[in-house]
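Since the structure comes first, as C-alpha coordinates, the remarks are kept for the end.
The values are calculated or read from the model by the stated rules, or taken from the named source; none is laboratory data. Computed from a predicted structure; not experimentally measured. Glycine gets a Cβ as well: all are built from the backbone with ideal geometry, and neighbour counts include every protein chain shown. These area figures cover heavy atoms from the full protein model, side chains too; ligands, DNA and RNA do not enter into them. Shrake-Rupley method; radii C 1.70, N 1.55, O 1.52, S 1.80 Å.
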Amino acid sequence: MSTDFDHIVIGAGISGLGAAHFSARRGLSTLVLESSDRIGGCLNSQHFETLGGFWTEAGGHTCFNSYGNLLSILDDLGLTDRVQPKVKVGYSLWKNGKRRSILSALHVLEAARSIPRIFREPKAGRGVVDYYGTVLGQRNYRDLLRHAFQAVICQPADDYPAEVLFRRKPRRKEVIKAFTFAEGLSTIPDAIAAQSSIEVRTEQRVSAIEPDGEGFRIRVENAGAIRCAALTLAVPPDAATALLPKSFETAREAIAGIGMAEIETLVLIFRTGDLELKPLAGLIAVDDAFYSAVSRDFLPDENYRGFAFHFRPGVLCREAQVARACAVLGVKPERVAAQSLVYNRLPALRRGHTDLVQRLDVALSGKRLGVTGNWFFGVSVEDALTRSRAESDRLFGV
Ligand SMILES: Cc1cc2nc3c(=O)[nH]c(=O)nc-3n(C[C@H](O)[C@H](O)[C@H](O)COP(=O)(O)OP(=O)(O)OC[C@H]3O[C@@H](n4cnc5c(N)ncnc54)[C@H](O)[C@@H]3O)c2cc1C
(Lines give C-alpha, C1' and ligand atoms only; values in the text may rest on other atoms or scores of the structure.)
Protein backbone atom coordinates (compact mmCIF):
# COMPACT_ATOMS: atom_id res chain seq x y z
CA MET A 1 0.00 0.00 0.00
CA SER A 2 1.34 3.47 -0.76
CA THR A 3 1.05 5.81 2.23
CA ASP A 4 1.99 9.41 3.03
CA PHE A 5 3.68 8.47 6.33
CA ASP A 6 4.80 5.26 8.03
CA HIS A 7 3.32 6.49 11.32
CA ILE A 8 0.87 9.22 12.26
CA VAL A 9 0.41 10.29 15.87
CA ILE A 10 -2.69 12.23 16.91
CA GLY A 11 -2.03 14.61 19.85
CA ALA A 12 1.17 16.57 20.58
CA GLY A 13 1.28 16.24 24.35
CA ILE A 14 4.24 14.40 25.86
CA SER A 15 2.56 11.01 25.16
CA GLY A 16 2.21 11.74 21.44
CA LEU A 17 5.60 13.39 21.06
CA GLY A 18 7.19 10.47 22.92
CA ALA A 19 5.45 8.03 20.55
CA ALA A 20 6.71 10.09 17.59
CA HIS A 21 10.25 10.18 18.99
CA PHE A 22 10.33 6.39 19.41
CA SER A 23 9.15 5.72 15.83
CA ALA A 24 11.35 8.41 14.26
CA ARG A 25 14.36 6.80 16.01
CA ARG A 26 13.45 3.60 14.19
CA GLY A 27 13.77 5.46 10.90
CA LEU A 28 10.02 5.63 10.23
CA SER A 29 8.57 8.73 8.59
CA THR A 30 6.47 10.25 11.36
CA LEU A 31 3.79 12.95 11.40
CA VAL A 32 2.15 14.43 14.54
CA LEU A 33 -1.25 16.12 14.22
CA GLU A 34 -2.29 18.50 17.00
CA SER A 35 -5.69 20.22 17.21
CA SER A 36 -4.61 23.27 19.22
CA ASP A 37 -2.24 26.05 18.16
CA ARG A 38 0.55 24.89 20.49
CA ILE A 39 2.33 21.65 21.30
CA GLY A 40 3.02 20.21 24.77
CA GLY A 41 -0.53 19.71 26.11
CA CYS A 42 -0.24 19.71 29.92
CA LEU A 43 3.44 20.72 29.71
CA ASN A 44 2.92 24.43 29.35
CA SER A 45 5.59 26.87 30.56
CA GLN A 46 3.83 30.23 30.30
CA HIS A 47 6.35 32.85 29.16
CA PHE A 48 5.56 36.54 29.62
CA GLU A 49 7.48 38.50 27.00
CA THR A 50 6.49 41.84 28.62
CA LEU A 51 8.30 40.66 31.78
CA GLY A 52 11.59 39.81 30.11
CA GLY A 53 10.46 36.28 29.30
CA PHE A 54 9.82 35.28 32.93
CA TRP A 55 7.90 31.99 32.95
CA THR A 56 5.77 29.91 35.29
CA GLU A 57 4.47 26.39 34.75
CA ALA A 58 0.71 26.19 34.12
CA GLY A 59 0.81 22.38 34.13
CA GLY A 60 3.52 19.82 34.90
CA HIS A 61 6.38 21.37 36.88
CA THR A 62 8.72 18.62 38.11
CA CYS A 63 10.48 15.61 36.60
CA PHE A 64 12.46 13.08 38.60
CA ASN A 65 15.53 10.90 38.09
CA SER A 66 13.15 7.91 38.26
CA TYR A 67 11.69 8.96 34.87
CA GLY A 68 13.74 6.42 32.87
CA ASN A 69 11.87 6.71 29.56
CA LEU A 70 11.97 10.50 29.72
CA LEU A 71 15.69 10.43 30.50
CA SER A 72 16.36 8.14 27.54
CA ILE A 73 14.71 10.76 25.30
CA LEU A 74 16.69 13.56 26.98
CA ASP A 75 19.86 11.48 26.36
CA ASP A 76 18.94 11.16 22.67
CA LEU A 77 18.39 14.92 22.46
CA GLY A 78 21.54 15.85 24.41
CA LEU A 79 19.41 17.50 27.09
CA THR A 80 20.31 15.41 30.17
CA ASP A 81 23.25 17.69 31.02
CA ARG A 82 21.02 20.75 30.87
CA VAL A 83 18.59 19.76 33.63
CA GLN A 84 18.26 22.37 36.38
CA PRO A 85 18.07 21.41 40.06
CA LYS A 86 15.05 22.72 41.94
CA VAL A 87 15.69 24.77 45.07
CA LYS A 88 14.24 22.97 48.10
CA VAL A 89 11.18 24.87 49.26
CA GLY A 90 8.28 23.27 51.11
CA TYR A 91 4.54 22.89 50.63
CA SER A 92 2.05 24.23 53.19
CA LEU A 93 -1.62 23.61 53.81
CA TRP A 94 -4.14 26.36 53.15
CA LYS A 95 -6.95 25.81 55.62
CA ASN A 96 -9.64 28.13 57.01
CA GLY A 97 -7.96 31.18 55.50
CA LYS A 98 -4.50 30.46 56.97
CA ARG A 99 -1.23 28.80 55.93
CA ARG A 100 -0.36 25.90 58.21
CA SER A 101 2.36 23.29 58.28
CA ILE A 102 1.56 19.91 56.72
CA LEU A 103 2.46 18.17 59.97
CA SER A 104 -0.21 20.17 61.82
CA ALA A 105 -2.83 17.99 60.09
CA LEU A 106 -1.11 14.67 60.82
CA HIS A 107 -2.52 12.45 63.58
CA VAL A 108 0.75 10.90 64.62
CA LEU A 109 -0.56 8.15 66.91
CA GLU A 110 -3.14 7.01 64.37
CA ALA A 111 -0.45 6.95 61.65
CA ALA A 112 1.91 4.92 63.89
CA ARG A 113 -0.87 2.42 64.69
CA SER A 114 -1.97 2.05 61.05
CA ILE A 115 1.29 2.09 59.10
CA PRO A 116 2.27 -1.61 59.67
CA ARG A 117 -0.79 -2.47 57.51
CA ILE A 118 1.10 -1.10 54.52
CA PHE A 119 2.99 -4.43 54.36
CA ARG A 120 -0.14 -6.61 54.12
CA GLU A 121 -2.86 -4.45 52.57
CA PRO A 122 -3.25 -4.98 48.80
CA LYS A 123 -3.51 -1.81 46.67
CA ALA A 124 -4.94 -3.38 43.51
CA GLY A 125 -8.63 -2.76 42.80
CA ARG A 126 -9.04 -0.29 45.69
CA GLY A 127 -9.89 3.39 45.71
CA VAL A 128 -7.61 5.93 47.37
CA VAL A 129 -9.92 6.52 50.36
CA ASP A 130 -10.19 2.80 51.07
CA TYR A 131 -6.47 2.00 50.77
CA TYR A 132 -4.86 5.09 52.33
CA GLY A 133 -7.61 5.36 54.97
CA THR A 134 -6.56 1.86 56.02
CA VAL A 135 -2.76 2.20 55.93
CA LEU A 136 -2.57 5.70 57.46
CA GLY A 137 -5.89 5.91 59.32
CA GLN A 138 -9.29 7.44 58.51
CA ARG A 139 -8.64 10.72 60.32
CA ASN A 140 -5.29 11.18 58.56
CA TYR A 141 -7.02 10.52 55.26
CA ARG A 142 -9.85 12.98 56.01
CA ASP A 143 -7.66 15.81 57.34
CA LEU A 144 -4.52 15.49 55.23
CA LEU A 145 -4.21 12.84 52.54
CA ARG A 146 -7.50 13.55 50.75
CA HIS A 147 -6.39 17.16 50.19
CA ALA A 148 -2.81 16.24 49.29
CA PHE A 149 -4.02 13.74 46.65
CA GLN A 150 -6.57 16.24 45.29
CA ALA A 151 -3.78 18.80 45.06
CA VAL A 152 -1.72 16.41 42.91
CA ILE A 153 -4.44 15.16 40.56
CA CYS A 154 -6.53 18.38 40.61
CA GLN A 155 -9.84 16.58 41.12
CA PRO A 156 -11.77 14.74 43.86
CA ALA A 157 -9.53 11.85 44.91
CA ASP A 158 -11.59 9.36 46.98
CA ASP A 159 -12.48 6.95 44.15
CA TYR A 160 -9.21 7.33 42.24
CA PRO A 161 -7.50 3.92 41.85
CA ALA A 162 -4.80 3.57 44.54
CA GLU A 163 -2.49 1.47 42.35
CA VAL A 164 -1.89 4.23 39.79
CA LEU A 165 -0.52 6.69 42.38
CA PHE A 166 3.11 6.56 43.50
CA ARG A 167 4.47 3.52 41.70
CA ARG A 168 8.12 2.89 42.57
CA LYS A 169 10.53 3.29 39.66
CA PRO A 170 14.30 2.78 39.60
CA ARG A 171 16.35 5.98 39.87
CA ARG A 172 19.24 7.17 37.67
CA LYS A 173 21.46 8.27 40.52
CA GLU A 174 23.86 10.35 38.39
CA VAL A 175 20.95 12.67 37.48
CA ILE A 176 19.57 15.33 39.87
CA LYS A 177 16.63 13.90 41.80
CA ALA A 178 13.97 16.55 40.98
CA PHE A 179 14.57 18.75 37.98
CA THR A 180 13.28 21.26 35.47
CA PHE A 181 14.97 23.29 32.70
CA ALA A 182 16.15 26.91 32.62
CA GLU A 183 13.20 27.74 30.34
CA GLY A 184 10.75 25.32 32.00
CA LEU A 185 9.49 21.87 31.08
CA SER A 186 8.18 23.03 27.67
CA THR A 187 11.82 22.65 26.66
CA ILE A 188 11.10 18.90 26.38
CA PRO A 189 8.17 18.90 23.89
CA ASP A 190 9.81 21.74 21.97
CA ALA A 191 13.07 19.78 21.57
CA ILE A 192 11.32 16.55 20.54
CA ALA A 193 9.23 18.40 17.94
CA ALA A 194 12.24 20.31 16.58
CA GLN A 195 13.87 17.10 15.28
CA SER A 196 14.02 17.02 11.50
CA SER A 197 12.87 13.37 11.54
CA ILE A 198 9.47 14.37 12.96
CA GLU A 199 6.91 16.58 11.24
CA VAL A 200 4.46 18.34 13.56
CA ARG A 201 1.35 20.14 12.31
CA THR A 202 -0.68 22.26 14.74
CA GLU A 203 -4.30 23.44 14.33
CA GLN A 204 -5.09 20.11 12.69
CA ARG A 205 -8.23 18.67 14.28
CA VAL A 206 -8.69 15.06 13.23
CA SER A 207 -12.37 14.45 12.51
CA ALA A 208 -12.37 10.78 11.48
CA ILE A 209 -10.18 7.71 11.06
CA GLU A 210 -10.98 5.09 8.46
CA PRO A 211 -9.24 1.75 7.98
CA ASP A 212 -7.51 1.75 4.59
CA GLY A 213 -6.09 -1.60 3.50
CA GLU A 214 -3.64 -2.55 6.25
CA GLY A 215 -3.27 1.08 7.32
CA PHE A 216 -5.45 4.11 7.99
CA ARG A 217 -6.84 7.18 6.28
CA ILE A 218 -6.92 10.20 8.62
CA ARG A 219 -9.44 12.94 7.87
CA VAL A 220 -8.46 16.40 9.12
CA GLU A 221 -11.08 19.18 9.47
CA ASN A 222 -10.85 21.71 6.61
CA ALA A 223 -8.01 19.74 5.03
CA GLY A 224 -7.64 16.58 3.00
CA ALA A 225 -7.05 13.01 4.08
CA ILE A 226 -3.61 11.61 4.97
CA ARG A 227 -2.71 7.93 4.71
CA CYS A 228 -0.42 6.03 7.08
CA ALA A 229 0.64 2.45 7.70
CA ALA A 230 0.42 2.72 11.50
CA LEU A 231 -1.43 5.10 13.79
CA THR A 232 -1.14 6.12 17.44
CA LEU A 233 -3.89 7.93 19.32
CA ALA A 234 -2.31 10.12 22.03
CA VAL A 235 -5.37 12.10 23.05
CA PRO A 236 -7.53 12.08 26.21
CA PRO A 237 -9.88 9.08 26.56
CA ASP A 238 -13.01 10.99 25.50
CA ALA A 239 -11.28 12.13 22.30
CA ALA A 240 -9.92 8.60 21.68
CA THR A 241 -13.44 7.16 22.11
CA ALA A 242 -14.82 9.62 19.56
CA LEU A 243 -12.05 8.91 17.03
CA LEU A 244 -11.79 5.09 17.13
CA PRO A 245 -13.19 3.71 13.86
CA LYS A 246 -16.26 1.44 13.75
CA SER A 247 -14.14 -1.67 13.28
CA PHE A 248 -12.63 -0.99 16.75
CA GLU A 249 -15.99 -1.21 18.54
CA THR A 250 -14.70 -3.46 21.37
CA ALA A 251 -11.81 -1.08 22.05
CA ARG A 252 -14.19 1.86 22.04
CA GLU A 253 -16.60 0.14 24.44
CA ALA A 254 -13.73 -0.58 26.87
CA ILE A 255 -12.78 3.09 27.28
CA ALA A 256 -16.08 4.86 26.60
CA GLY A 257 -16.86 5.45 30.28
CA ILE A 258 -13.56 7.06 31.33
CA GLY A 259 -14.23 10.59 32.57
CA MET A 260 -12.18 13.78 32.44
CA ALA A 261 -11.56 16.38 35.14
CA GLU A 262 -11.55 20.03 34.04
CA ILE A 263 -9.20 22.47 35.78
CA GLU A 264 -9.12 26.26 35.50
CA THR A 265 -5.49 27.23 36.05
CA LEU A 266 -4.86 30.89 36.86
CA VAL A 267 -1.24 31.99 36.45
CA LEU A 268 -0.30 35.15 38.35
CA ILE A 269 3.03 37.00 38.28
CA PHE A 270 4.20 39.60 40.80
CA ARG A 271 7.28 41.78 41.21
CA THR A 272 9.40 40.15 43.90
CA GLY A 273 9.31 43.29 46.08
CA ASP A 274 5.48 43.28 46.08
CA LEU A 275 5.22 40.01 48.02
CA GLU A 276 6.04 39.52 51.68
CA LEU A 277 5.38 35.79 51.44
CA LYS A 278 8.43 33.61 52.11
CA PRO A 279 9.50 31.30 49.25
CA LEU A 280 7.35 28.18 49.08
CA ALA A 281 6.83 25.24 46.72
CA GLY A 282 3.07 25.60 46.84
CA LEU A 283 -0.13 25.23 48.80
CA ILE A 284 -2.43 22.26 49.33
CA ALA A 285 -5.92 23.70 49.74
CA VAL A 286 -8.38 22.20 52.22
CA ASP A 287 -11.98 22.62 51.03
CA ASP A 288 -11.40 25.77 48.99
CA ALA A 289 -12.26 26.90 45.46
CA PHE A 290 -8.80 25.79 44.32
CA TYR A 291 -7.18 22.36 44.74
CA SER A 292 -3.62 23.60 44.92
CA ALA A 293 -1.22 26.39 44.03
CA VAL A 294 2.27 25.77 42.67
CA SER A 295 4.93 28.49 42.77
CA ARG A 296 7.97 29.20 40.57
CA ASP A 297 10.08 29.66 43.73
CA PHE A 298 11.92 26.41 42.92
CA LEU A 299 13.90 28.40 40.33
CA PRO A 300 14.23 31.86 41.91
CA ASP A 301 14.30 34.99 39.77
CA GLU A 302 15.49 38.32 41.12
CA ASN A 303 12.66 40.34 39.56
CA TYR A 304 9.51 38.24 39.58
CA ARG A 305 7.63 35.45 41.35
CA GLY A 306 4.97 33.33 39.69
CA PHE A 307 2.10 31.11 40.91
CA ALA A 308 -0.34 28.73 39.22
CA PHE A 309 -3.63 28.32 41.10
CA HIS A 310 -5.52 25.21 40.02
CA PHE A 311 -9.21 26.08 40.49
CA ARG A 312 -12.21 23.76 40.55
CA PRO A 313 -14.19 24.42 37.35
CA GLY A 314 -17.19 26.78 37.36
CA VAL A 315 -16.91 27.85 41.02
CA LEU A 316 -15.47 31.38 40.72
CA CYS A 317 -15.42 33.85 37.84
CA ARG A 318 -11.99 35.08 36.66
CA GLU A 319 -12.14 38.27 38.77
CA ALA A 320 -13.09 36.33 41.90
CA GLN A 321 -10.29 33.81 41.19
CA VAL A 322 -7.74 36.64 41.05
CA ALA A 323 -9.14 38.11 44.28
CA ARG A 324 -8.99 34.72 46.04
CA ALA A 325 -5.46 33.95 44.88
CA CYS A 326 -4.25 37.43 45.93
CA ALA A 327 -5.90 37.07 49.35
CA VAL A 328 -4.10 33.73 49.80
CA LEU A 329 -0.77 35.31 48.84
CA GLY A 330 -1.40 38.39 51.01
CA VAL A 331 -1.15 40.92 48.16
CA LYS A 332 -3.58 43.37 46.52
CA PRO A 333 -4.93 42.42 43.03
CA GLU A 334 -3.57 45.76 41.70
CA ARG A 335 -0.07 44.35 42.22
CA VAL A 336 -0.54 41.56 39.61
CA ALA A 337 2.17 42.18 37.00
CA ALA A 338 0.83 39.67 34.45
CA GLN A 339 -1.70 36.87 34.35
CA SER A 340 -3.12 34.13 32.13
CA LEU A 341 -5.84 31.50 32.32
CA VAL A 342 -5.20 27.97 31.06
CA TYR A 343 -7.75 25.15 30.80
CA ASN A 344 -6.15 21.89 31.85
CA ARG A 345 -7.77 18.46 31.58
CA LEU A 346 -6.74 15.30 33.39
CA PRO A 347 -8.31 11.82 33.25
CA ALA A 348 -10.70 11.03 36.10
CA LEU A 349 -9.81 7.38 36.65
CA ARG A 350 -11.93 5.14 38.85
CA ARG A 351 -11.58 1.80 40.61
CA GLY A 352 -11.50 -1.05 38.08
CA HIS A 353 -9.52 1.04 35.59
CA THR A 354 -6.86 -1.64 35.18
CA ASP A 355 -9.54 -4.04 33.88
CA LEU A 356 -10.62 -1.48 31.25
CA VAL A 357 -7.02 -1.13 30.07
CA GLN A 358 -6.70 -4.92 29.82
CA ARG A 359 -9.88 -5.09 27.70
CA LEU A 360 -8.57 -2.30 25.48
CA ASP A 361 -5.24 -4.09 25.04
CA VAL A 362 -6.95 -7.35 24.05
CA ALA A 363 -9.02 -5.44 21.47
CA LEU A 364 -5.88 -3.72 20.05
CA SER A 365 -3.81 -6.89 19.89
CA GLY A 366 -2.52 -7.58 16.36
CA LYS A 367 -3.74 -4.18 15.06
CA ARG A 368 -1.57 -1.40 13.66
CA LEU A 369 -3.24 1.10 15.93
CA GLY A 370 -1.67 2.20 19.24
CA VAL A 371 -3.37 4.08 22.06
CA THR A 372 -1.33 6.00 24.59
CA GLY A 373 -1.80 8.80 27.10
CA ASN A 374 -1.65 9.72 30.76
CA TRP A 375 -4.51 7.35 31.55
CA PHE A 376 -2.82 3.93 31.59
CA PHE A 377 -0.21 3.45 34.31
CA GLY A 378 -0.78 6.85 35.95
CA VAL A 379 -0.82 10.54 35.22
CA SER A 380 2.86 11.53 35.43
CA VAL A 381 5.05 12.36 32.44
CA GLU A 382 6.91 9.09 32.96
CA ASP A 383 3.69 7.06 33.22
CA ALA A 384 2.62 8.56 29.88
CA LEU A 385 5.96 7.77 28.25
CA THR A 386 6.00 4.23 29.67
CA ARG A 387 2.78 3.58 27.76
CA SER A 388 4.07 5.31 24.62
CA ARG A 389 7.21 3.13 24.71
CA ALA A 390 5.16 -0.07 25.21
CA GLU A 391 2.81 0.80 22.33
CA SER A 392 5.76 1.67 20.09
CA ASP A 393 7.38 -1.70 20.85
CA ARG A 394 4.08 -3.47 20.13
CA LEU A 395 3.55 -1.70 16.79
CA PHE A 396 7.12 -1.68 15.48
CA GLY A 397 8.95 -4.41 17.41
CA VAL A 398 11.36 -4.11 20.33
C1 LIG B 1 -1.64 21.12 36.77
C2 LIG B 1 -0.86 19.89 36.44
C3 LIG B 1 0.34 19.62 37.12
C4 LIG B 1 1.08 18.48 36.81
N5 LIG B 1 2.29 18.26 37.43
C6 LIG B 1 3.07 17.24 37.01
C7 LIG B 1 4.40 17.10 37.50
O8 LIG B 1 4.89 17.95 38.24
N9 LIG B 1 5.13 16.02 37.09
C10 LIG B 1 4.62 15.08 36.22
O11 LIG B 1 5.32 14.11 35.91
N12 LIG B 1 3.37 15.20 35.72
C13 LIG B 1 2.60 16.27 36.08
N14 LIG B 1 1.36 16.45 35.55
C15 LIG B 1 0.84 15.43 34.62
C16 LIG B 1 1.47 15.52 33.22
O17 LIG B 1 1.87 16.83 32.95
C18 LIG B 1 0.40 15.10 32.20
O19 LIG B 1 -0.27 13.94 32.59
C20 LIG B 1 1.03 14.85 30.83
O21 LIG B 1 1.79 15.97 30.42
C22 LIG B 1 -0.09 14.53 29.85
O23 LIG B 1 0.45 14.29 28.56
P24 LIG B 1 -0.46 13.62 27.43
O25 LIG B 1 0.27 13.77 26.17
O26 LIG B 1 -0.85 12.24 27.85
O27 LIG B 1 -1.84 14.46 27.41
P28 LIG B 1 -2.06 15.99 27.06
O29 LIG B 1 -0.94 16.79 27.57
O30 LIG B 1 -3.44 16.29 27.53
O31 LIG B 1 -1.99 16.04 25.46
C32 LIG B 1 -3.03 15.60 24.63
C33 LIG B 1 -2.97 16.44 23.35
O34 LIG B 1 -3.93 15.94 22.42
C35 LIG B 1 -4.51 17.04 21.74
N36 LIG B 1 -5.79 16.62 21.14
C37 LIG B 1 -6.95 16.31 21.77
N38 LIG B 1 -7.89 15.95 20.86
C39 LIG B 1 -7.31 16.03 19.64
C40 LIG B 1 -7.76 15.76 18.29
N41 LIG B 1 -9.01 15.35 18.00
N42 LIG B 1 -6.89 15.93 17.26
C43 LIG B 1 -5.60 16.33 17.49
N44 LIG B 1 -5.13 16.61 18.75
C45 LIG B 1 -5.97 16.45 19.80
C46 LIG B 1 -4.64 18.09 22.84
O47 LIG B 1 -4.81 19.39 22.32
C48 LIG B 1 -3.32 17.91 23.59
O49 LIG B 1 -2.29 18.73 23.07
C50 LIG B 1 0.59 17.58 35.82
C51 LIG B 1 -0.59 17.86 35.13
C52 LIG B 1 -1.32 19.01 35.42
C53 LIG B 1 -2.56 19.33 34.64
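Values as computed for the structure displayed
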{"quantity": "Student exercise, the chain dipole from Lys, Arg, Asp, Glu Cβ charges, in Debye to nearest 20", "calculated": "1380 debye"}
{"quantity": "Solvent exposure of the chain as accessible area per residue, Å², 1.4 Å probe", "calculated": "45 Å²"}
{"quantity": "Area accessible to solvent at Thr134, 1.4 Å probe radius, in Å²", "calculated": "30 Å²"}
{"quantity": "FRET efficiency for Ala208 and Ser104, using Cβ-Cβ distance with R0 set to 56 Å, rounded to 0.05", "calculated": "0.55"}
{"quantity": "For region 103-164, size of Cβ-based charge dipole, Lys and Arg +1, Asp and Glu -1, in debye", "calculated": "180 debye"}
{"quantity": "The chain, helix-only ellipticity at 222 nm - DSSP H runs n ≥ 4, -39,500 (n - 2.57), divided by all residues, nearest 500", "calculated": "-8000 deg cm²/dmol"}
{"quantity": "Taking the chain and dividing mean pair separation by its residue count, relative contact order in percent (alpha carbons under 8 Å, at least six apart)", "calculated": "25 percent"}
{"quantity": "Centre separation in Å (Cα based) which lies between region 127-194 and region 230-300", "calculated": "12 Å"}
{"quantity": "Segment Met260-Thr134, extension gain: residue separation times 0.36 nm, minus the distance between their alpha carbons", "calculated": "42.7 nm"}
{"quantity": "Calculated from backbone phi, Karplus (6.51, -1.76, 1.60) coupling profile of region 55-64 in Hz, x at Gly/Pro", "calculated": "10, 9, 6, 9, x, x, 10, 9, 10, 10"}
{"quantity": "Reference-scaled alpha-carbon Rg (2.2 N^0.38 Å with N residues) for the chain", "calculated": "1.01"}
{"quantity": "Net charge of neighbours whose Cβ lies under 9 Å from the Cβ of Arg227, counting Lys and Arg as +1 and Asp and Glu as -1", "calculated": "-1"}
{"quantity": "Cα gyration tensor, region 103-164 - rounded (a/c under 1.5), prolate or oblate", "calculated": "oblate"}
{"quantity": "Given charges at beta-carbon only (K, R positive; D, E negative), |dipole| of region 310-398 in Debye", "calculated": "220 debye"}
